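Heads up, the thing below is written out as structure tokens.
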Amino acid sequence: MDTIAERYSAVLQRVAQAAQRVGRHAEEITVVAVSKTWPAEAILQAYAVGIRHFGENRTEELESKRTAVSHTLGPDNGITWHLIGTLQSRKTEVAAGFADCFHALDRLKIAHRLSHHLQENGRTLPVFLEMNLSGEASKSGFSCTTWETNATQQTELRTAIVDMLQLPGLQVQGCMTMAPWDAPEAEIRTLFRRTRALKEWLETAVPTLHLPFLSMGMTDDFEIAIEEGATHVRVGRAIFGSRP
Ligand SMILES: *Cc1c(COP(=O)(O)O)cnc(C)c1O
């Protein structure tokens, strides 16, 4: 199993099987191929086997690979470029110019800056709110560690979201989370389940909010994520191999 074609087809099969186990359709699930650290040539190989969703965690890499790939394939290549990593304020302009979807919106300040640059560019950007349910200090995201019972966290989330919904250019479409590194399966599953419940709670807490999407699951846990309702899985190593 060492070509992108073989690895990708194995991933699609596992996606389909996980979906089937819980009565879902594989078509509901978008596999974002995480190409971070790989050169543009790897993206072209993946494109040749039919991959159209790519994930990058750094704005510089996204910009340079998007530019290189458009140079080869033309601008209307059908690729959706997902920015999946935490964004620093000074990188919001590049993100607003080059990302087609942003999975890691983790604070209001970033939302405001993105909106400002999106308006300048006349673009819109679908975004996922990154939710930190594990409390791991290394994880960014809105603080939701005890959201089920913590009125302060609930109020803060609701207030932030109401504010974000006013921002032109920003399309709040879902929640994103990351499981703790190396946690036991039961813990990962609980975390994904709580994230889905949080998304559903937010839709009732903010009546104008519609969150069709849930971005969760990576190489080691995407099947659990699908069983728990993920619509987007972000898979790197299982498609491209171990990163260079
Ligand atoms: C690197 C990365 C992934 C993919 O990780 P793999 O383990 O290679 O599948 C997914 N999401 C984010 C935010 C990442 O940074």
* Restricting the range 145-187 to GluC sites (Glu not before Pro) in coil, as DSSP defines it, with at most 14 other Cβ within 10 Å -> 148
* To do: Bin all alpha-carbon pair distances of the chain at 10 Å intervals from 0 and give each bin's fraction as a whole percent.
  => 7, 32, 37, 20, 3, 0
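Using Cα-Cα distances under 8 Å and only pairs 6 or more residues apart, what relative contact order does the range 1-66 have, in percent?
Numbers: 40 pairs, mean separation 20.3, N = 66.
RCO, the range 1-66: 31 percent.
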* In 5 Å bins starting at 0, how do the alpha-carbon pair distances of the range 181-244 split up by percent? -> 4, 18, 23, 20, 15, 10, 6, 3, 1, 0
* Per DSSP, loop trypsin sites (Lys or Arg not before Pro) in the range 34-68 with at most 16 further Cβ within 10 Å -> 52
* Asked: Based on the Cα atoms of the range 122-244, what semi-axes does the equivalent ellipsoid have, where each is the square root of 5 times one gyration tensor eigenvalue, given in whole Å with the largest first?
  -> 25, 18, 13
* To do: Would you work out the relative contact order for the range 1-117, in percent, from Cα pairs under 8 angstrom that are 6 or more residues apart?
  => 19 percent
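Using a 1.4 Å probe on the protein chains only, how many percent of the accessible area of the chain belongs to carbon and sulfur?
Working: 5630 of 11160 Å².
For the chain, the apolar C and S fraction of the accessible surface comes to 50 percent.
Using the Cα atoms of the range 1-138 to build a convex hull, what is its mean projected area in square nanometres?
Details: hull surface 40.3 nm².
Hull-based average projected area comes out at 10.1 nm².
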* Asked: For the chain, with every protein chain kept in place, what is the accessible area per residue (1.4 Å probe, Å²)?
  -> 46 Å²
* Structure fact -> Scalar couplings 3J(HN,Hα) for the range 184-191 by Karplus 6.51 cos²θ - 1.76 cosθ + 1.60 (θ = phi - 60°), nearest whole Hz, x for Gly and Pro, are x, 3, 4, 5, 4, 4, 4, 5
* May I have the count of lysine pairs in the chain with C-alpha atoms under 19 Å apart, counting pairs 8 or more residues apart or located on different chains? => 8
* Structure fact -> Computed ³J(HN,Hα) along the range 32-44: with the Karplus parameters 6.51/-1.76/1.60, θ = phi - 60°, integer Hz and x for glycine or proline, the list is 8, 7, 7, 9, 3, 6, 8, x, 4, 4, 5, 5, 5
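Tell me, what does the Kirkwood hydrodynamic radius of the range 116-155 come to in angstroms if you use every pair of distinct C-alpha atoms? Please report the intermediate quantities before stating the final value.
Working: mean 1/r = 0.0819 Å⁻¹.
About 12.2 Å for the range 116-155.
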* Do you know the relative contact order of the chain, to the nearest whole percent, from alpha carbon pairs under 8 angstrom that are 6+ apart? -> 21 percent
* To do: For residue 104, list long-range residues whose amide hydrogen, built 1.01 Å from N in the peptide plane, is under 5 Å from its own amide hydrogen.
  => 128
* What does the charge count near residue 236 come to, summing +1 for each Lys or Arg and -1 for each Asp or Glu among other residues with Cβ under 9 Å from its Cβ? -> +4
* To do: Taking every pair of alpha-carbon atoms in the range 96-189, give the share separated by more than 21 Å as a whole percent.
  => 36 percent
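The values are calculated or read from the model by the stated rules, or taken from the named source; none is laboratory data. Note that this is a predicted model, so its numbers are computed, not measured. Reconstructed Cβ throughout: ideal geometry from the backbone, glycine too, with neighbour counts over all protein chains shown. What goes into the accessible areas is simple: the full protein's heavy atoms, side chains included, and nothing from ligands, DNA or RNA. Shrake-Rupley method; radii C 1.70, N 1.55, O 1.52, S 1.80 Å.
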